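What follows draws every value from the coordinates through simple rules; no lab data is involved. All figures in this text were calculated on a predicted structure; none of them were measured in a lab. Note that each Cβ is placed from the backbone with ideal geometry, even for glycine, and that neighbours are counted across all protein chains shown.
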Amino acid sequence: MSEPMFLRPVFHERIWGGTRLREAFGYEIPSDHTGECWGISAHPHGKSIVDNGKYAGFDLSELWQNHRYLFGHAQGDVFPLLTKILDCDQDLSIQVHPDDAFARSVENEAAGKTECWYIIDCDPGAEIVYGHTVNSKEEFQQKCRQREWGTLFQRFPIQPGDFFYVPSGTVHALCKGTLVLETQQTSDITYRVYDYDRVDERGQKRELHLEKAVEVIRFPHQNHWVTPSTHVDQSTRITTYIENEFFTVQKWQTQGRSWLVQDRNFLLISVLRGQGKLTTKDGVYPFFKGHHLILPHGLGHFQIEGKTEWIVSFV
Ligand code: ZN
């Protein structure tokens with residue numbers, strides 16, 4: 001028997017968070033400054049726990065360590081992906097993440113952080129920070145010293161449904177009024193470059209990490225615009241945004257009924273809109289907006305019924 005595993009999300013309060021995770025998804029959030037819903041995670045800072053079936057009560061890292069057949073005996077010390085929904089009520093700090101080699105040698109962590117964003121919703125006029133304008137580390141440091149933030153960072157307007165690929169070494173920030181699904185490597189290493197001189201309720205600024213940041217930022221910056229491709233399988237429309245050594249990320253839009261097959265090591269699913277039923281050879285599983293689930297190895301053929309929109313990822 002191989003059944004879908006529904007996961008219990010973990011929430012993180014953030015200085016920049018809001019209430020949209022409750023409003024948009026009905027989640028019970030810990031406060032009105034909730035920034036992150038970790039939907040699918042095996043990271044020690046917030047592990048998903050299975051809510052149903054044979055593995056109810058197990059956390060994802062435990063399953064990865066001791067029940068690897070669920071993931072097709074995929075390789076790796078840590079579960080490779082982390083799926084989050086972010087409510088950016090305020091601007092996030094401008095930041096950069098290291099690659100695998102730097103994370104291992106300097107931070108003693110398993111992986112660096114390459115990430116990507118699906119814009120679920122955003123306010124009119126919303127933007128992202130993506131990349132910088134200079135050619136060298138020295139120029140970057142000089143612009144930081146002179147506080148020339150306006151000419152150092154690139155900003156781009158965004159729309160709901162946009163998708164952005166953010167490889168490690170890319171200076172970036174999500175900005176206010178944005179609700180995003182992020183798919184990333186399992187890593188929680190962030191080097192802050194600029195935090196708008198904000199202070200918390202105790203008057204403290206958050207720490208910056210400029211020295212490490214300039215070690216990992218790429219010079220010059222290169223834009224990595226995504227060209228989605230779409231195919232239709234029965235009544236499911238599958239849009240592939242990115243497919244590389246870190247992850248494949250797709251949007252599945254269903255309307256009516258489709259028979260599909262889970263022939264990957266595993267599939268991660270986050271339900272962004274609608275509701276429906278997932279039928280496998282072993283049972284029927286209703287799903288709703290806000291659910292996060294894994295279809296394990298060997299699940300085989302399944303039917304989706306309903307009008308729904310999923311973000312699906314795999315390695
Ligand atoms: Zn980031």
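Each part reduced to its alpha carbon centroid, the stretch 260-315 and the stretch 128-201 end up 33 Å apart. In a reduced charge model with +1 at each Lys and Arg Cβ and -1 at each Asp and Glu Cβ, the chain shows a dipole moment near 440 debye about its Cα centre. Looking at the square roots a ≥ b ≥ c of the eigenvalues of the Cα gyration tensor of the chain, which shape do they give, rounded for a/c under 1.5, prolate if a/b is larger than b/c, or oblate? It is prolate, given that a/c is not under 1.5 and a/b is the larger ratio. With a Förster radius of 41 Å applied to the C-beta separation of Arg104 and Val284, the computed FRET efficiency comes to 0.40.
Given the DSSP H assignment, sum -39500 (n - 2.57) over each helix run of at least 4 residues in the chain and divide by its residue total; what's the result at 222 nm in deg cm²/dmol, nearest 500?
Result for the chain, helices only: -3000 deg cm²/dmol.
Simple spin-label estimate for Glu211 and Thr248 gives 4.3 nm between the two label positions (7 Å along the Cα-to-Cβ direction from each Cα). Here the contact order of the chain, divided by its residue count and restricted to Cα pairs under 8 Å and six or more residues apart, works out to 20 percent. Computed from the C-beta positions of Gln65 and Glu28 and an R0 of 25 Å, the FRET efficiency is 0.30 to the nearest 0.05.
Each part reduced to its alpha carbon centroid, the stretch 55-109 and the stretch 23-46 end up 16 Å apart.
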